[in-house]
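The values are calculated or read from the model by the stated rules, or taken from the named source; none is laboratory data. Because the structure is predicted, anything quoted here is derived from the model rather than measured. Virtual Cβ from ideal backbone geometry, glycine too; neighbours counted across all protein chains shown.
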């Protein structure tokens with residue numbers, strides 16, 4: 001029996017509308033012609049990279065994975081640490097299921113996989129700026145600290161020489177694709193995940209649709225060709241399926257507001273004369289186009305009702321850019337989102353949220369932070385341009401077009417292609433597999 005191989009490429013922020021251009025490119029065009037697709041895929045809430053990528057690995061929404069935002073809730077810290085370690089995911093992943101079935105696994109800069117070597121044989125994790133801090137003169141140490149597989153250190157060392165250790169695009173993407181292709185050539189894993197983010201980066205910096213975004217799609221096509229060439233060079237092209245998917249779309253924004261300034265003015269946040277946070281009764285964590293509002297004592301019904309009334313009054317004032325105030329129970333029922341917060345603010349679609357509690361409530365756009373550029377995400381999944389998914393290979397029937405799917409279907413699709421059991425996945429496998 002021939003071994004099966006699956007390459008999964010998550011092209012961050014790729015949407016269905018991009019395919020009109022993408023189909024003119026060599027590799028995207030090949031997969032779209034020879035494979036099948038789900039045109040539009042509904043993602044999870046919040047539509048943020050790390051929560052979605054945890055859901056892609058598990059087939060479960062954020063309330064089950066525990067990855068409810070990109071960053072942890074750390075009030076008073078405007079540089080909150082990111083969720084990025086595999087152990088932070090509260091349920092099993094496709095890597096665990098594949099290993100249990102005796103398959104080999106690989107991941108190259110896929111979010112929330114750091115220190116995941118117990119179930120990922122060939123791991124190059126996403127190394128964040130906080131991980132690299134203090135190791136700029138010896139960046140390989142940051143990779144070792146975050147769990148890079150020892151057998152890959154020579155590949156990573158070469159990539160560092162070629163592309164540097166920063167998180168700037170497209171060098172960041174060149175680094176990971178070089179590593180991913182080398183991993184496939186050398187070790188031939190049954191399952192390989194990787195995550196180029198150049199398209200997402202260009203949308204944040206320049207807006208939803210323009211020539212610079214198209215240029216990033218063209219570069220991504222070249223990177224996918226590099227991965228496919230690695231399969232061909234190892235003689236495994238006819239035994240390898242490739243899936244191209246995306247995590248979320250984006251919405252164009254025109255401003256940023258600070259709900260914590262509102263909460264401070266309403267008496268729920270206290271700060272000293274230097275604006276250092278002293279105490280808080282209610283505090284909002286920015287998720288880009290949504291925000292999660294935590295209470296110091298969520299069991300206090302008087303506080304709960306007071307904050308809810310205040311947030312509803314804020315939402316009624318259009319200056320605050322808030323379309324809706326959800327309760328925790330409402331987002332759990334609607335989207336499977338659950339956590340320690342009590343409320344979720346949903347933006348009006350043109351306003352992003354900041355964590356700031358000091359200074360003006362309204363801010364200009366700032367491309368130094370993904371939440372505050374010309375476009376961003378974190379919004380309700382039914383809004384705006386939708387992510388897409390298409391696939392090609394021996395397990396994929398040709399020419400099937402599915403109009404609508406759900407991102408929780410993807411993990412079940414991976415499992416079906418690999419021929420493994422993964423019953424926790426809440427979705428169903430794509431019908432063309």
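Structure notes:
The rows are residues; the columns are (1) within 25 Å of residue 399 (Cα to Cα); (2) surrounded by fewer than 24 Cβ atoms within 10 Å (Cβ to Cβ); (3) assigned by TED's automatic domain parsing to the domain that holds residue 258.
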position: 20; (1), (2), (3): yes, yes, no
position: 23; (1), (2), (3): yes, yes, no
position: 27; (1), (2), (3): yes, yes, no
position: 30; (1), (2), (3): yes, yes, no
position: 41; (1), (2), (3): yes, no, no
position: 55; (1), (2), (3): no, no, no
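Yes/no matrix, rows are residues, columns are (1) in a helix (DSSP H, G or I); (2) in contact with a strand residue (DSSP E or B) (Cβ under 6 Å, 6 or more places away or on another chain); (3) buried (at least 17 other Cβ atoms within 10 Å of the Cβ):
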site	(1), (2), (3)
294	no, yes, yes
330	yes, no, no
339	no, no, yes
390	no, yes, yes
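- Any chance residue 378 is touching a helix residue (DSSP H, G or I) at 6+ places or on another chain (Cβ under 7 Å) and either in the same structural domain as residue 243 (by TED's automatic domain parsing) or touching a residue at least 40 places away in the same chain (Cβ under 8 Å) (or both): no
- Within the range 390-410, the residues that satisfy the criterion of being more than 25 Å from residue 232 (Cα to Cα) and under 19 Å from the mean Cα position of the chain (by Cα) are 405, 406, 407, 408, 409.
- Screening 155, 140, 144, 120 for residues that are farther than 30 Å from residue 379 by Cβ, at pLDDT 95 or above and in contact with a strand residue (DSSP E or B) (Cβ under 7 Å, 6 or more places away or on another chain) leaves exactly one candidate, 120.
Conditions tested, residue by residue: (1) closer than 19 Å to residue 84 by Cβ; (2) free of Cβ contacts under 8 Å to residues at least 40 places away in the same chain; (3) out of contact with any helix residue (DSSP H, G or I) (no Cβ under 8 Å at 6 or more places or on another chain); (4) surrounded by fewer than 21 Cβ atoms within 10 Å (Cβ to Cβ).
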position: 154; (1), (2), (3), (4): no, yes, yes, yes
position: 157; (1), (2), (3), (4): no, yes, no, yes
position: 162; (1), (2), (3), (4): no, yes, no, yes
position: 168; (1), (2), (3), (4): yes, yes, yes, yes
position: 173; (1), (2), (3), (4): yes, no, no, no
position: 181; (1), (2), (3), (4): no, no, no, no
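- The single residue among 230, 215 that is surrounded by fewer than 22 Cβ atoms within 10 Å (Cβ to Cβ) and either more than 26 Å from residue 137 (Cα to Cα) or more than 18 Å from the chain's Cα centre (by Cα) (or both) turns out to be 215.
- Boolean, residue 315 is modelled with pLDDT of 95 or more, farther than 17 Å from residue 347 by Cβ and outside any strand (DSSP E or B): no
- Every residue from the range 372-382 that is at pLDDT 95 or above and either assigned to a helix (DSSP H, G or I) or surrounded by fewer than 21 Cβ atoms within 10 Å (Cβ to Cβ) (or both): 374, 382
- For the range 228-248, a tally of residues being touching a strand residue (DSSP E or B) at 6+ places or on another chain (Cβ under 6 Å) and in a helix (DSSP H, G or I) returns 2.
- For the range 253-291, taking the residues that are assigned to a loop (DSSP other than H, G, I, E, B) and in contact with a helix residue (DSSP H, G or I) (Cβ under 7 Å, 6 or more places away or on another chain), the one that is surrounded by the most Cβ atoms within 10 Å (Cβ to Cβ) is identified as 288.
- Residue, farthest from the chain's Cα centre (by Cα), within the range 118-129, restricted to residues that are surrounded by fewer than 18 Cβ atoms within 10 Å (Cβ to Cβ) and not in a helix (DSSP H, G or I): 118
Table: residues versus (1) under 29 Å from residue 328 (Cβ atoms); (2) free of Cβ contacts under 8 Å to residues at least 12 places away in the same chain; (3) not assigned by TED's automatic domain parsing to the domain that holds residue 264.
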{"site": "66", "(1), (2), (3)": "yes, no, yes"}
{"site": "74", "(1), (2), (3)": "yes, yes, yes"}
{"site": "87", "(1), (2), (3)": "yes, no, yes"}
{"site": "90", "(1), (2), (3)": "yes, no, yes"}
{"site": "94", "(1), (2), (3)": "yes, no, yes"}
{"site": "97", "(1), (2), (3)": "no, no, yes"}
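- Hits in the range 392-419 - residues which are surrounded by fewer than 21 Cβ atoms within 10 Å (Cβ to Cβ) and part of a strand (DSSP E or B): 401, 402, 403, 404, 406
- Of all the listed residues (298, 385, 360), the sole one being within 28 Å of the chain's Cα centre (by Cα) and either assigned to a loop (DSSP other than H, G, I, E, B) or surrounded by 18 or more Cβ atoms within 10 Å (Cβ to Cβ) (or both) is 385.
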